[in-house]
Amino acid sequence: QVQLVESGGGLVRPGGSLRLSCAASGGTFSGYYMNWFRQAPGKEREFVAGITWNGGSTYYADSVKGRFTISRDNAKNTVHLQMSSLKPEDTAVYYCAASYGYRSSPRGMAYWGKGTLVTVSS
């Protein structure tokens, strides 16, 4: 059983930045792809970014390419999402998730965190 706990969410102004973190425990962290999803009110949960076991490859939704960066530190069992140039449309609950390989669907995730809220508003 893997536990994932997100942190770093909050209220930011459009154009601002936030760094989300996800701490993992209860499993072999390096054995998982790590991912970020987000879900805005009234919308489906959508894939944001993913990173391979050792961080060699990353994947991003078109909506965040060039603005968000995913990274991981296997020694610390953490994954991060650096968000910049934030837009109101980025407002959502952001979820950390672990998978056994690349998956862009929520159904491909093995474990989920409970989420952290990011609100982008002026």
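Since every read-out is calculated from the coordinates, none of them should be taken as a lab result. Keep in mind that this is a model prediction, so the values were computed, not measured. Positions of Cβ are generated from backbone atoms using ideal geometry, with glycine treated the same way; all protein chains shown enter the neighbour counts.
Going Cα to Cα from residue 43, which aspartates and glutamates come in below 20 Å? Please leave out same-chain ones fewer than 8 positions away.
62, 89, 90
Give me P(r) over the chain, computed from all C-alpha to C-alpha distances, binned every 5 Å, as integer percentages.
So the P(r) values, bin by bin, are 2, 13, 25, 27, 19, 10, 4, 1, 0.
Select from the range 1-108 those GluC sites (Glu not before Pro) which occupy a DSSP coil region and have at most 11 other Cβ atoms within 10 Å, ordered by residue number.
When the GluC sites (Glu not before Pro) of the range 1-108 are filtered for loop state and at most 11 Cβ neighbours within 10 Å, 44 remain.
Using the beta-carbon distance between residue 85 and residue 46 and R0 = 25 Å, what value does 1/(1 + (r/R0)^6) give for FRET efficiency, to the nearest 0.05?
So, using R0 = 25 Å, E works out to roughly 0.85.
About the Cα centre, and with charges only on the beta carbon of Lys, Arg (+1) and Asp, Glu (-1), how big is the dipole of the chain? Nearest 20 debye, please. Present the calculation step by step, with values, prior to reporting the outcome.
Working: 13 positive and 7 negative charges, 8 e Å.
Dipole about the Cα centre, nearest 20: 40 debye.
Treating cross-link reach as a plain straight distance, find the lysines whose alpha-carbon is under 26 Å from the alpha-carbon of residue 76, omitting any fewer than eight places away in the same chain.
List returned: 65, 114.
How much net charge surrounds residue 103 when only the other residues with a Cβ under 14 Å from the Cβ of residue 103 are counted, with Lys and Arg +1 and Asp and Glu -1?
+1
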